[in-house]
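Asks: Can you keep this structure in mind? I'll have questions shortly.
The values are calculated or read from the model by the stated rules, or taken from the named source; none is laboratory data. Owing to the predicted nature of the structure, the values given are computational and were not obtained by experimental measurement. Positions of Cβ are backbone-derived with ideal geometry, glycine not excepted, and every protein chain shown enters the neighbour counts.
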């Protein structure tokens, strides 16, 4: 009997052939090897055993744009790299270029959050973080610049996006060469946004968004589409695991959150504050952690499993290595799964605030600064990495004009491939839906 996965692949291929033959997409998209790669990878990452509602929501979201598709498919990016579909020169494949990487670095994986009672702006998602070639973060971010072009308020030409990509990379290189001990202050545009967030986004507003108060007791508002109740056994297990660090008032299943992580378990819990009026309660996220996508080889997986007792502990270490400040990231283990815990920030804001080309240019330039500092900082924190050797070799790499040119070319070319992959995916979904 034919398996369901193989059935989907074969029928998707048939539909793609029909659409190609009728002229709806370019003939060159009918690449059976590429089609199989995309279909098998997406089916593996989003299996039929996944919650049907969440799976449908995620796959439908991925249809909307190539940028959203890209955000949801870090696994394809690393599969392409290790299978040499995303190919770099052989002399780039040196372990000397290894640092901790963010692992899914695109334009929306940065933001404002609180650290030591201060508002900071930095990398903010470490689910995919691990040790690999530092330039993989660079390529992934630059590709996302080209893919986000259609979402800007201003019409952008390829030349406009070329300049923004160059601005990001120039900033990365300049920061790397200066080897700063701390990050620079926010540029003017981000300072304005920070001020606006401090004025308009408060902890109480966040609480009121997700919770309600009845008879002086605050609890989650399960009338919201994005919150669901969980069964008592799981709730008791989570509360028990959290009891050493928190006074848990309520727990909810968090629905429809993120893109790449849709399908992993996510919960919100309400932590008791000290004020009698419940106004200083805090909301935390519990998020299941899985193996990072940059681990593609069996020997790398074996090394990873020896190094870390759980995926969540790896994410915790990544957070401390890549950020120059403490985020109080905690971990728990429940039912043989590991989870990361972090406070939900009321200051969340993303690329939507930077839809003008001039603003996006400054934003990306600052991202280059942050990323370079994070890469260097991570090698100094990890005793298993020779930070001096990493810096010396990577500085020499970044000082070669041909490498800079190649980074830009490879990133742009890969963005074009993602657009083709997105077309393939949309044709898959035409049949499926």
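Asks: Applying the selection to region 240-254, what residues are within 28 Å of the chain's Cα centre (by Cα) and either surrounded by fewer than 14 Cβ atoms within 10 Å (Cβ to Cβ) or not assigned by TED's automatic domain parsing to the domain that holds residue 282 (or both)?
Replies: 245
Asks: Continuing with this model, one more query. Out of all the residues in region 127-167, which are modelled with pLDDT of 95 or more, in a loop (DSSP other than H, G, I, E, B) and over 21 Å from residue 68 (Cβ atoms)?
Replies: Those that are modelled with pLDDT of 95 or more, in a loop (DSSP other than H, G, I, E, B) and over 21 Å from residue 68 (Cβ atoms): 129, 134.
Asks: Of (1) modelled with pLDDT of 95 or more; (2) out of contact with any helix residue (DSSP H, G or I) (no Cβ under 7 Å at 6 or more places or on another chain), residue 261 satisfies all except one. Which?
Replies: Every listed condition holds for residue 261 apart from (1).
So that you can scan it fast, the table gives a plain yes or no per residue for (1) in the same structural domain as residue 72 (by TED's automatic domain parsing); (2) exposed (fewer than 14 other Cβ atoms within 10 Å of the Cβ); (3) touching a residue at least 24 places away in the same chain (Cβ under 8 Å); (4) at positive phi:
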{"residue": "229", "(1), (2), (3), (4)": "no, yes, yes, no"}
{"residue": "238", "(1), (2), (3), (4)": "no, no, yes, no"}
{"residue": "257", "(1), (2), (3), (4)": "no, no, yes, no"}
{"residue": "293", "(1), (2), (3), (4)": "no, no, yes, no"}
{"residue": "299", "(1), (2), (3), (4)": "no, yes, no, no"}
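Asks: So, one more: Scan region 169-189 and give yes if some residue there is within 25 Å of the chain's Cα centre (by Cα), without any contact (Cβ under 8 Å) to a residue 60 or more places away in the chain, assigned by TED's automatic domain parsing to the domain that holds residue 322 and closer than 25 Å to residue 106 by Cα, otherwise no.
Replies: no
Asks: Might you check whether a residue that is in contact (Cβ under 8 Å) with a residue 60 or more places away in the chain and either more than 28 Å from residue 43 (Cα to Cα) or in contact with a strand residue (DSSP E or B) (Cβ under 7 Å, 6 or more places away or on another chain) (or both) occurs anywhere in region 80-90?
Replies: Among the residues of region 80-90, at least one is in contact (Cβ under 8 Å) with a residue 60 or more places away in the chain and either more than 28 Å from residue 43 (Cα to Cα) or in contact with a strand residue (DSSP E or B) (Cβ under 7 Å, 6 or more places away or on another chain) (or both), which makes the answer yes.
Asks: So, one more: Only one residue in 217, 203 is exposed (fewer than 12 other Cβ atoms within 10 Å of the Cβ) and touching a residue at least 40 places away in the same chain (Cβ under 8 Å). Which one?
Replies: Only one candidate passes the filter, namely 217.
Okay, residues lined up against (1) modelled with pLDDT of 95 or more; (2) part of a loop (DSSP other than H, G, I, E, B); (3) closer than 20 Å to residue 113 by Cβ:
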| site | (1), (2), (3) |
| --- | --- |
| 237 | yes, no, no |
| 240 | yes, no, no |
| 253 | yes, no, no |
| 256 | no, yes, no |
| 268 | yes, no, yes |
| 285 | yes, no, yes |
| 304 | yes, no, no |
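Asks: Please give the number of the condition residue 383 fails out of (1) at negative phi; (2) surrounded by fewer than 16 Cβ atoms within 10 Å (Cβ to Cβ); (3) assigned by TED's automatic domain parsing to the domain that holds residue 264; (4) assigned to a loop (DSSP other than H, G, I, E, B).
Replies: Of everything listed in (1) at negative phi; (2) surrounded by fewer than 16 Cβ atoms within 10 Å (Cβ to Cβ); (3) assigned by TED's automatic domain parsing to the domain that holds residue 264; (4) assigned to a loop (DSSP other than H, G, I, E, B), residue 383 misses just condition (3).
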